[in-house]
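Before any comments, here is the structure.
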Amino acid sequence: KAGVTQTPRYLIKTRGQQVTLSCSPISGHRSVSWYQQTPGQGLQFLFEYFSETQRNKGNFPGRFSGRQFSNSRSEMNVSTLELGDSALYLCASNWDGGYEQYFGPGTRLTVT
Amino acid sequence: KNEVEQSPQNLTAQEGEFITINCSYSVGISALHWLQQHPGGGIVSLFMLSSGKKKHGRLIATINIQEKHSSLHITASHPRDSAVYICAVPMGNDMRFGAGTRLTVKP
């Protein structure tokens, strides 16, 4: 089985722009979770999607949003980028939330 | 106080040594995850456990729900075990992570 894939792997954006990151889960997995990792804050949970619905949400501002498509692929969007949004964004998938998660390689976003 | 505390923060060991990494959390949970992150950034889920003990090869994870504590042990450590080890616990609708333990195993 192919693993979780994330595109793009690296991205450089300017403050004020918006960005969309994509995550393709392992075939058959219906839950996709997104995480942000920064040197200062470590790993933080953004949100989880299951069957095209946001099921859980972490403590992030509304500039961070996501969606999931019928094929379980997920996108996350960050609008009005700030320097502090520079981070590694990871997605993880599993069959149904409560099970062991499989992580993608991450998208490294740099905001200048 | 962080809701998920890991110790130690950094750990250097000689190849072959027995390693223990600890994780304590502050609220009741249904399960706890141990993750491994290599220098390139990729994360691998090592264990998800809700009680007792699990073993994969040289890795052993234990959890004591009453004491709100989990340990990750590595037997016969090897330089390829060098990585950051992170524990994670679901809390309500959120997932909280420890700050990680950076393990370096020297040959």
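Pairing residues of the range A:41-52 that are closer than 14 Å to A:Tyr89 by Cβ and more than 9 Å from chain B (Cβ to nearest Cβ) with residues that are of a type in the set (Phe, Trp, Tyr) and surrounded by fewer than 22 Cβ atoms within 10 Å (Cβ to Cβ), at Cβ distances under 7 Å and at least 6 apart in sequence or on separate chains, gives A:Leu46/A:Phe60; A:Leu46/A:Phe64.
Every listed requirement among (1) crowded, with 18+ Cβ neighbours inside 10 Å; (2) more than 11 Å from A:Val32 (Cα to Cα) is met by A:Asn77 save one, (1). Checked against the criterion of being surrounded by fewer than 16 Cβ atoms within 10 Å (Cβ to Cβ) and more than 23 Å from A:Cys91 (Cβ to Cβ), the candidates B:Lys53, B:Lys68 yield just one match: B:Lys53.
B:His73 passes every criterion in (1) within 12 Å of chain A (Cβ to nearest Cβ); (2) part of a strand (DSSP E or B) apart from (1).
Yes/no per residue for (1) under 20 Å from B:His33 (Cα atoms); (2) modelled with pLDDT of 95 or more; (3) aliphatic (A, V, I, L, M); (4) surrounded by 13 or more Cβ atoms within 10 Å (Cβ to Cβ):
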position: A:Ser31; (1), (2), (3), (4): yes, no, no, yes
position: A:Arg55; (1), (2), (3), (4): yes, no, no, yes
position: A:Glu82; (1), (2), (3), (4): no, yes, no, no
position: A:Asp96; (1), (2), (3), (4): yes, no, no, no
position: A:Tyr102; (1), (2), (3), (4): yes, no, no, yes
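Specify the residue that is farthest from B:Val84 (Cα to Cα); the eligible residues are those in the range B:34-45 that are buried (at least 18 other Cβ atoms within 10 Å of the Cβ) and more than 7 Å from chain A (Cβ to nearest Cβ). Per the criteria, the residue is B:Trp34. Restricting attention to the range A:6-24, which residues are in a strand (DSSP E or B) and closer than 10 Å to A:Thr110 by Cα? Once the filter is applied, which keeps residues that are in a strand (DSSP E or B) and closer than 10 Å to A:Thr110 by Cα, the range A:6-24 yields A:Tyr10, A:Leu11, A:Ile12, A:Lys13.
So, of the residues in the range A:76-110 that are away from chain B (no Cβ under 13 Å) and within 9 Å of the chain's Cα centre (by Cα), which turns out to be nearest to A:Thr7 (Cα to Cα)? My answer is A:Met76. Considered as a group, the residues in the range B:78-96 that are part of a strand (DSSP E or B), more than 8 Å from every other protein chain (Cβ to nearest Cβ) and at pLDDT 95 or above include one that is surrounded by the fewest Cβ atoms within 10 Å (Cβ to Cβ), and that residue is B:Val84. How many residues does the range A:69-112 contain that are touching a strand residue (DSSP E or B) at 6+ places or on another chain (Cβ under 9 Å), on the phi < 0 side of the Ramachandran plot and in a loop (DSSP other than H, G, I, E, B)? Number of matching residues: 16. Exactly one residue out of B:Ala88, B:Ala76, B:Ala99, B:Ala83 is more than 23 Å from A:Pro105 (Cβ to Cβ) and in contact (Cβ under 8 Å) with a residue 24 or more places away in the chain: that is B:Ala76. Screening A:Gln18 on (1) loosely packed, with under 13 Cβ neighbours inside 10 Å; (2) more than 13 Å from chain B (Cβ to nearest Cβ); (3) on the phi < 0 side of the Ramachandran plot; (4) out of contact with any Leu (no Cβ under 8 Å at 6 or more places or on another chain) shows it passes everything except condition (4).
Only one of these is under 21 Å from B:Arg80 (Cα atoms) and in contact with a Pro (Cβ under 6 Å, 6 or more places away or on another chain): B:Gly57, B:Gly42, B:Gly16. Name it. Result: B:Gly42 is the single residue among B:Gly57, B:Gly42, B:Gly16 that is under 21 Å from B:Arg80 (Cα atoms) and in contact with a Pro (Cβ under 6 Å, 6 or more places away or on another chain).
The values are calculated or read from the model by the stated rules, or taken from the named source; none is laboratory data. Values in this document were obtained by computation on a predicted structure and should not be read as measured data. In this analysis, Cβ positions are derived from the backbone assuming ideal geometry, glycine residues included, and neighbour counts consider all displayed protein chains.
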